[in-house]
Amino acid sequence: MRPRSSGCCSRRAPRWCPASTTRSPRSRPTAPSPTSSSSGSPTSSTCRLSRDGTRYPVSAWTPSPRELERRALRQRLRLRSIAIATVASLAFFVAVGAALVTSPGWPTVRATFFSVEDAKASFPAIRDGFWLNVKLFLLAEPLILVVALGLALARQARAAWLTPLRVLAVAYIDFFRGVPTILLVLLLAFGMPALGLQGVPNGLFFWALMALVISYSAYVAEVFRAGIESIHPSQLASADALGLSRAQAMRFVIVPQAVRRVVPPLLNDFISLTKDTALVSSVALFDAVFSARDYTAYNFNFTPYVVVSLFFVVLTVPMARGTDHLQRRAMRRERAGAL
């Protein structure tokens, strides 16, 4: 048997193929080489056999002139859209800025809300107070996740003997979703220490933290419940076919998938939580807002409030962009059938 030659019909073929008058039964036309440059021009040649057995070089695929025209047109349209969007945005912001600067009361507003001297003077106190807001957020977030997941699982309980627990979870969620968070902060921070309960912390920080946890756990529980109910019933049926109990199916099959699906909505709730930590200023905790209010009360200047706003924007904008990224990735995975 004639051995197969590693000649011109291999992937690493020479530029030109030697002529051959003998047609081998093993010689077959080969597909164009996938190795090409980014512009579509060929970087290697492949060989094919003519009817008389002669080998001749065939270049790799290159886009046709019409395809090149289409690509150029799409690129021009994309650049034009970017240019139009940029010009329109700049024109809008310039018009708004000009309207503000040329308004009669702008000098007063600039001195009251955008004073550089007052911003520098209030910055250290606001920076120290902002760490209290960050601490509240970092402590409240894991507690909210644990309590909310427990409430969601209690609402999904189907056993008859768990009916009181399910009713209690529904009542908890309905009640605390209807009470404004600031009222919970005031009631718990001032009411619970007044009870004088033994072994219960009486600090304002603790009860302000508990108010945030109680309020947000009611909202996040509904997010978890929606995620659990979005899982197809066939998942639970498959777990049952494998011999898993309902508790095991929820733990190993349903809840992991549900948590992965609700990550973007959870991040939205936590972005809102970072802002609502400012509500603790109503119970005289020295957070960023209380520090700004204290400075304003003595200097009659509202620039510290603008500084506080910038602190919260710097904290929440990266979280918002991360949330959008996760949502886009989840949509791509759903379209690809990964979920």
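The values are calculated or read from the model by the stated rules, or taken from the named source; none is laboratory data. Fair warning: this is a prediction, and the values are worked out from it, not measured in the lab. In this analysis, Cβ positions are derived from the backbone assuming ideal geometry, glycine residues included, and neighbour counts consider all displayed protein chains.
Could you check ASP240 against (1) among the acidic types (Asp, Glu); (2) closer than 15 Å to ALA148 by Cα; (3) surrounded by fewer than 16 Cβ atoms within 10 Å (Cβ to Cβ) and say which number it fails?
Going through (1) among the acidic types (Asp, Glu); (2) closer than 15 Å to ALA148 by Cα; (3) surrounded by fewer than 16 Cβ atoms within 10 Å (Cβ to Cβ) one by one, ASP240 breaks only (2).
For the range 171-200, which residues satisfy the criterion of being assigned to a loop (DSSP other than H, G, I, E, B) and β-branched (Val, Ile, Thr)?
Keep residues of the range 171-200 that are assigned to a loop (DSSP other than H, G, I, E, B), which gives 179-180, 196-200.
The answer is VAL179, VAL200.
Within the group ALA336, ALA297, which residue is surrounded by fewer than 19 Cβ atoms within 10 Å (Cβ to Cβ) and within 26 Å of TRP207 (Cβ to Cβ)?
On the way: ALA336 fails: within 26 Å of TRP207 (Cβ to Cβ).
That would be ALA297, the only listed residue that is surrounded by fewer than 19 Cβ atoms within 10 Å (Cβ to Cβ) and within 26 Å of TRP207 (Cβ to Cβ).
Could we say that ALA85 is over 20 Å from SER281 (Cβ atoms) and assigned to a helix (DSSP H, G or I) here? Steps first, please.
Details: over 20 Å from SER281 (Cβ atoms): yes; assigned to a helix (DSSP H, G or I): yes.
Considered against the rule, which asks whether it is over 20 Å from SER281 (Cβ atoms) and assigned to a helix (DSSP H, G or I), ALA85 comes out as yes.
Could you tell me how many of the residues in the range 302-319 are over 13 Å from PRO124 (Cα atoms) and buried (at least 19 other Cβ atoms within 10 Å of the Cβ)?
Narrowing the range 302-319 to residues over 13 Å from PRO124 (Cα atoms): 302-303, 305-306, 309-310, 312-319.
Now restrict to residues that are buried (at least 19 other Cβ atoms within 10 Å of the Cβ): 303.
Residues flagged as over 13 Å from PRO124 (Cα atoms) and buried (at least 19 other Cβ atoms within 10 Å of the Cβ) within the range 302-319 amount to 1.
Here is a yes/no grid of residues against (1) modelled with pLDDT of 95 or more; (2) in the same structural domain as PHE302 (by TED's automatic domain parsing); (3) under 20 Å from PRO304 (Cβ atoms):
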| site | (1), (2), (3) |
| --- | --- |
| ARG76 | no, no, no |
| SER89 | no, no, no |
| PHE93 | no, no, no |
| GLY129 | no, yes, yes |
| LEU149 | no, yes, no |
| ALA152 | no, yes, no |
| VAL170 | no, yes, no |
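Which of the residues that make up the range 155-195 are crowded, with 19+ Cβ neighbours inside 10 Å, among the aliphatic types (A, V, I, L, M) and out of contact with any Phe, Trp or Tyr (no Cβ under 7 Å at 6 or more places or on another chain)?
Those that are crowded, with 19+ Cβ neighbours inside 10 Å, among the aliphatic types (A, V, I, L, M) and out of contact with any Phe, Trp or Tyr (no Cβ under 7 Å at 6 or more places or on another chain): ALA169, ILE173, LEU184, VAL185.
From the list ARG66, ARG110, which residue is in a helix (DSSP H, G or I) and over 36 Å from the mean Cα position of the chain (by Cα)? Don't jump to the end; show me each part of the working.
Working: ARG110 fails: over 36 Å from the mean Cα position of the chain (by Cα).
Exactly one residue qualifies, and that residue is ARG66.
What is the residue count in the range 300-318 for residues that are more than 13 Å from THR112 (Cβ to Cβ) and not polar (S, T, N, Q)?
To start, the set of residues in the range 300-318 that are more than 13 Å from THR112 (Cβ to Cβ) comprises 307-318.
Checking which are not polar (S, T, N, Q) leaves us with 307-308, 310-315, 317-318.
Final tally of qualifying residues: 10.
One line per residue, one yes/no per condition, for (1) of a type in the set (Ser, Thr, Tyr); (2) closer than 17 Å to ALA148 by Cα:
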position	(1), (2)
ILE182	no, no
MET192	no, no
GLN198	no, no
LEU204	no, no
MET210	no, yes
ILE214	no, yes
SER217	yes, yes
